[in-house]
Each structure stands twice: as structure tokens, then as C-alpha cells.
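Here the structure comes first, spelled out in C-alpha cells, and everything after it is commentary.
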Amino acid sequence: MRVALVDDHQLFRKGMASLLDKIEGVQLVFEASNGMEFLDRLDNCQIDLVLLDLKMPVLDGMNTLIELRKRKSDIKVVFLTMEADDETILHCMEEGANGFLTKDAHPKDVKNAIYSIKESGYYSNTKTTEVMMKGLASWKNGNRKSQISFTDREMSVLKLICLQKATTDIADEMCLSPRTIEGYRRTLLEKIGVNNSVGLVLYVSQQGWLEKWESGLE
């Protein structure tokens, strides 16, 4: 997985870069000190994931994410932060973030986050799960779509995505190509009106399906 690292603290970047170098299958493509520098370098580099500091000068993480989603919606984003309030975390996820890591996270958490992003498209830890559950109330009381018609295959893909199955595993299980599964994923995102797999999980949780799927009742 090709990774970019964006943080305004050089010492932290160097420590994180050293850690990434030890993770199998990860290539650190470039580092940047703020969001503007990252976006300027993006056109000349191919990356799959950006580890993005939330609070930075020039262009902060949130505004970098919003601009990135206009340019390249397929790049995964994991925010790095010392702390963030629930509203900020939920806002970032709704704008298309794929996960959060605290800057004091254990190296194993960083590795797990990257592998989770590669396999399922998102990373959820205790904090983000808690925020997602709190956010369900606002989804129910807001203007989110509630009743949507899905085909049997769309529902099958939705279920497997929310159970954190990798695209290749979903393709094998359904006897379809990975490209076809990605097509279904894009259709689901459009139908439900969310930006990423985190939004899919929020919607499924809102409907009361996730608990049933995880317990094997459906």
C-alpha cells in the first residue's frame, strides 16, 4: 500500500516514517508538512492512503479532506490527532474519512489500521465506534434516507462490506470480479447518500441490520 504522511511536526513525521518502513507491504511515497503541500504534490504521485494530521497551519486536515474528495475520491484517509471531540470525528467521517488514530497509539494499532483500510476500506477503534453509535440519533432525526430499495445482490454486498470483508473475499464468495464488487459499492454509496464505508455502516446500524448480521441471525 502506497502511503503519504502529512503532519506539521517534523519529529513526529520522522518517527512515524520509521514505523511505516517496518510494516510489510507499506511504501511511504512522500511526507508533507501541511495540507496545501500534500495537495500540491498529489498530482505527481500515486498513493492509496494518507495519514493526515487534523490540526495544521496553512491548510488543516478537515479542509484538506474536503478538497481531496473533490479531486480523488478513492484515496483513503486516516486522521492523526492528539484528541478530537465527538462532533469533529463524526463530521470528518461524514466528509469521507476512513478512520482515526491517536498520536499516542501503539505501533500495532497503526499496522492494524493500515491493514484494515486495505482489506475493508475503513478502520474503527473503540473511540470511533462510540462516536458512530452516538451519531445514530442525529441520523434518525435528520434528513438521512431511511427507506431504500436494494436488489438481492446489492444487499449481499452491503452485508459483506459492513462485516469488514475485503473486496477480493466478497468477489470470491459471490463469484464475481473485484471490479464488479467495486461497482456495487459505488452504487450503494450513491443510493444511501454517504461518502464511504463508514457511512454504510452507520446506515446499516440505523436500520438495525448490523447487530443481526454480526450475530448470524440473517
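Tabulated data
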| read-out | value |
| --- | --- |
| Whole-Hz couplings from phi, Karplus 6.51/-1.76/1.60, listed for segment 27-40; x for Gly and Pro | 10, 7, 7, 7, 10, 9, 9, 7, x, 5, 4, 4, 5, 5 |
| Most mobile of Gly99, Gly15, Gly193 in a GNM of the chain (Cα contacts under 10 Å) | Gly15 |
| Percent carbon-and-sulfur accessible area, the chain, ignoring ligands, DNA and RNA, probe 1.4 Å | 46 |
| Identified option (computed Rg and Dmax of the Cα atoms in Å; candidates [x] 18.1, 56; [y] 17.2, 51; [z] 16.5, 46) | [y] |
| Phi to ³J(HN,Hα) by Karplus 6.51 cos²θ - 1.76 cosθ + 1.60 over segment 51-60, Hz, x for Gly, Pro | 8, 10, 5, 7, 10, 9, x, 6, 8, 7 |
| Calculated FRET value between Thr168 and Lys70, using beta carbons and R₀ = 25 Å, to 0.05 | 0.30 |
| Sequence of Val58, Val6 when ordered by accessible area, the most exposed leading, probe 1.4 angstrom | Val58, Val6 |
| Largest to smallest accessible area among Asp21, Asp109, Asp53 [probe 1.4 Å] | Asp21, Asp109, Asp53 |
| Residue of Met16, Met36, Met174 that the Gaussian network model of the chain assigns the largest fluctuation, springs spanning Cα pairs under 10 Å | Met174 |
| Euclidean distance between Cα centres, segment 196-218 to segment 1-59, Å | 32 |
| Members of Lys22/Lys191; Lys103/Lys159; Lys108/Lys212; Lys108/Lys165 lying beyond 28 Å, as alpha-carbon distances in this model show | Lys22/Lys191; Lys103/Lys159; Lys108/Lys212 |
| Cleavage-rule hits, GluC sites (Glu not before Pro), segment 36-126, DSSP coil, Cβ neighbours within 10 Å at most 13 | Glu83 |
| For segment 69-78, Karplus couplings with θ = phi - 60° (6.51, -1.76, 1.60), whole Hz, Gly/Pro x | 5, 6, 8, 9, 6, 8, 6, 7, 10, 10 |
| Å² per residue, accessible surface of segment 1-66 at 1.4 Å | 48 |
| Amide H within-cut-off set for Leu28, under 5 Å, with H built and near neighbours excluded | Val3 |
| Förster radius 25 Å - calculated FRET efficiency between Glu24 and Trp213, Cβ distance, rounded to 0.05 | 0.20 |
| Which of Leu188, Leu28 is most accessible, then next, and so on - probe 1.4 Å | Leu28, Leu188 |
| Mean separation of Cα contacts under 8 Å, 6 or more apart, over the residue count of the chain: relative contact order % | 15 |
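The values are calculated or read from the model by the stated rules, or taken from the named source; none is laboratory data. In this text, all values refer to a predicted model and were calculated from it rather than measured experimentally. Note that each Cβ is placed from the backbone with ideal geometry, even for glycine, and that neighbours are counted across all protein chains shown. Side chains included, ligands, DNA and RNA excluded: accessible areas come from the protein's heavy atoms. Shrake-Rupley method; radii C 1.70, N 1.55, O 1.52, S 1.80 Å.
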